[in-house]
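K.L.:
Before I ask anything, here is the structure I am working with.
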Amino acid sequence: MISELKPGERLDDLERNGLMLIQHPGRFCYGVDAVLLSWFAKASEGERVLDFCTGTGVVPILMTAKTAASHFTGLEIQEEVAKMASRSVVLNHLGDKVSIICGDLKNTKTLFGKGVFNVVTVNPPYMAGGSGLVGADYSKAVSRHEILCSLEDVIRESANVLVAGGRMYMVHLGDIICLMKQYKMSPRRLCMVHPKASQEANLVLIEGIRGGNTQIRVEAPLVLFDEDGQESKQIKMIHGRL
């Protein structure tokens, strides 16, 4: 395993089925939002899953242990990050289940065609292009800020690649529902994520279905930490520690 690592990289335990992930501290490393997305997303046997903004590939790699989907594709615009994700796929012997593609999500019609995936997952950049501190590290900035894609790009392209009745799962901070309806994506499940039970939600997990007119179901809130700062029972279950 160590031979797969390049200078400055580390190997992180995903705490699920012995899966490991190559990461570089100088680039954007996954956080709890990616873990929550992999838990919230559903994929049935035989379904094909596309993960936008895949980064290190953590979401599709985790989902191989949690779902019976037939294949996962991770799409990442940054070439070096995509190569790192591909090495994690090889490291975990998942070459028959996961493919990493370097490309721009705004070009899904050229990359994949129309209506070819059953599920789209995405943990997109949260910050508007001009907001917050971009900083000197361009790779991290691209992962955090809407520099190379916007929320509208994500919703529009999800609608393009999904089959009729296909589902999109997203973790985000912003106003999603209006854009989903604009591109004929019907919100179906919503779960608010709270740092602590006493604090306001700072993330939302949402499932949308292409076409149809489903009624949205608001699920019980997900709380990350107890009031004493310890991981909640919910989070321990999501990580597979209970």
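The values are calculated or read from the model by the stated rules, or taken from the named source; none is laboratory data. From a predicted model like this one, the values you see are computed outputs, not experimental measurements. Please note: Cβ atoms are built from the backbone with ideal geometry, for glycine as well, and neighbour counts cover all protein chains shown. Calculation scope for accessible area: heavy atoms of the full protein, side chains included, ligands and nucleic acids excluded. Shrake-Rupley method; radii C 1.70, N 1.55, O 1.52, S 1.80 Å.
K.L.:
Starting with the highest mean, order 208-221, 155-168 by the number of other Cβ atoms within 10 Å, averaged over the residues of each peptide.
P.N.:
The packing order, highest mean first, is 155-168, 208-221.
K.L.:
For GLU200 and ILE216, compute 0.36 nm times the residue count separating them, minus their Cα-Cα distance, and round to one decimal in nm.
P.N.:
3.7 nm
K.L.:
In nm², what is the average projected area of the convex hull enclosing the Cα atoms of segment 186-227?
P.N.:
With the hull built on Cα positions only, its mean projection is 2.9 nm².
K.L.:
A follow-up question, please. Is there a pair in LYS83/LYS233; LYS42/LYS181; LYS42/LYS233 whose C-alpha atoms are over 26 Å apart, and which pairs would that be?
P.N.:
The answer is LYS83/LYS233.
K.L.:
A follow-up question, please. Using all C-alpha to C-alpha distances in segment 154-242, build P(r) with 10 Å bins and read off the rounded percent in each one.
P.N.:
Spelled out bin by bin, segment 154-242 gives 17, 41, 26, 15, 1 percent.
K.L.:
Ignoring everything but the protein chains, give the 1.4 Å probe accessible area of HIS93 in square angstrom, nearest 10.
P.N.:
Roll a 1.4 Å probe over it and HIS93 shows about 150 Å².
K.L.:
Once you charge only the Cβ atoms, +1 for Lys and Arg and -1 for Asp and Glu, what is the size of the charge dipole of segment 1-113 about its Cα centre, to the nearest 20 debye?
P.N.:
That gives a dipole near 140 debye.
K.L.:
Applying 1/(1 + (r/R0)^6) with R0 = 25 Å to the Cβ-Cβ distance of ASP13 and ALA68, what FRET efficiency is obtained, to the nearest 0.05?
P.N.:
0.60
K.L.:
Let me know the Kirkwood hydrodynamic radius for the chain, please, with Cα pairs as the basis and the value in Å to one decimal.
P.N.:
18.2
K.L.:
Would you give the gap between the C-alpha center of segment 169-242 and the C-alpha center of segment 104-121, rounded to a whole Å?
P.N.:
Each part's Cα centre sits 24 Å from the other's.
K.L.:
Show that you can apply the helix-only estimate: for the chain, add -39,500 (n - 2.57) for every DSSP H stretch of four or more residues, divide by all residues, and state [θ] at 222 nm to the nearest 500.
P.N.:
-7500 deg cm²/dmol
K.L.:
Mind putting a number on the dipole of the chain about its Cα centre? Charges go on the C-beta only, +1 for Lys and Arg and -1 for Asp and Glu, and I need it in Debye to the nearest 20.
P.N.:
Magnitude of the dipole: close to 680 debye.
K.L.:
Another question about this same structure. Evaluate Rg over Rh across segment 13-119, taking Cα atoms for both radii and Kirkwood's formula for Rh.
P.N.:
Using Cα coordinates only, the ratio equals 0.93.
K.L.:
DSSP loop (so not H, G, I, E, B), at most 11 other Cβ within 10 Å: list which trypsin sites (Lys or Arg not before Pro) in segment 57-127 pass both filters.
P.N.:
Of the trypsin sites (Lys or Arg not before Pro), the ones in loops of segment 57-127 whose Cβ has at most 11 other Cβ atoms within 10 Å are LYS114.
K.L.:
Taking only protein heavy atoms into account and a 1.4 Å probe, give the accessible area per residue of the chain in Å².
P.N.:
Using a 1.4 Å probe on heavy atoms only, each residue of the chain averages 46 Å².
K.L.:
Oh, and also: Identify the GluC sites (Glu not before Pro) of segment 28-132 meeting these criteria: DSSP loop state and at most 14 other C-beta atoms within 10 Å of the C-beta.
P.N.:
Passing both the DSSP loop test and the Cβ count: GLU45.
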